[in-house]
Every structure is written in C-alpha cells, then in structure tokens.
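The values are calculated or read from the model by the stated rules, or taken from the named source; none is laboratory data. Values in this document were obtained by computation on a predicted structure and should not be read as measured data. Virtual Cβ from ideal backbone geometry, glycine too; neighbours counted across all protein chains shown. Just the protein is used for accessible areas: all its heavy atoms, side chains included, with ligands, DNA and RNA removed. Shrake-Rupley method; radii C 1.70, N 1.55, O 1.52, S 1.80 Å.
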Amino acid sequence: MVEARARISLIRGAPKTIRVDNGPEFISKALDSWAYENGVTLDFSRPGKPTDNAFVESFNGLLRDDCLNAHWFLSITAARAKIEA
C-alpha cells in the first residue's frame, strides 16, 4: 500500500490540502504521517457540520441512493464496474 501511495504522489504530485471529516479513517496516524511527510495540510471539518463539506456530502448521498443501495455487489471488481458505468 505504501508503494502505491508513493507512486501516485510521484506521478500526479501530492495535493496541497485535503478536506476531511472526523471519521476514523481520517484521524489515523498513518494518514497524519503521510500528510506530514508529503507537506499536505489536512483540513478537518467541524464535528457535526456536514455543511462544511456540502459538495462531497451531496455526492456521497447521491452515490448511495442511486447505486450502492440499488445493487448487490459480489466483489470489489463488480462494484467498480457498476460505479464506473
């Protein structure tokens, strides 16, 4: 996994800032360490304030309603194919 992240950063460059919420996947030491090592600022939204990130919250809701709740995926490959379609 670390190799893939390093490869992506080399190809595309690391972003300057990543806006994240306070979910467990975004407060991990691994993400914090990666961000520090790559000069990326983690911009945390305020707890309980989804309006801080309205665009992403709206997208996630539409994706869940239109795709994830409407289909049963048997593998990650099947999920990727359906989402890409």
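Output the qualifying pairs, or none if there are none: Cβ atoms under 9 angstrom, residues six or more apart or on different chains, first residue in region 41-70 and at negative phi and β-branched (Val, Ile, Thr), second residue in a helix (DSSP H, G or I) and modelled with pLDDT of 85 or more.
41/35
Quick check on region 10-21: of everything there that is among the hydrophobic types (A, V, I, L, M, F, W, C) and closer than 19 Å to residue 53 by Cα, which residue is surrounded by the fewest Cβ atoms within 10 Å (Cβ to Cβ)? Walk me through how you get there before you give the answer.
First pass over region 10-21, keeping only residues among the hydrophobic types (A, V, I, L, M, F, W, C): 10-11, 14, 18, 20.
Next, from what is left, pick out any that are closer than 19 Å to residue 53 by Cα: 18, 20.
Details: 18: 15, 20: 17.
The extreme case among them is 18.
Among the residues of region 22-49 satisfying the criterion of being under 23 Å from residue 60 (Cα atoms) and open to solvent by less than 60 Å² (accessible area, probe 1.4 Å), which is modelled with the lowest pLDDT?
The selected residue is 23.
Say whether the condition of being charged (D, E, K, R) and within 17 Å of the chain's Cα centre (by Cα) is met by at least one residue in region 71-85.
yes
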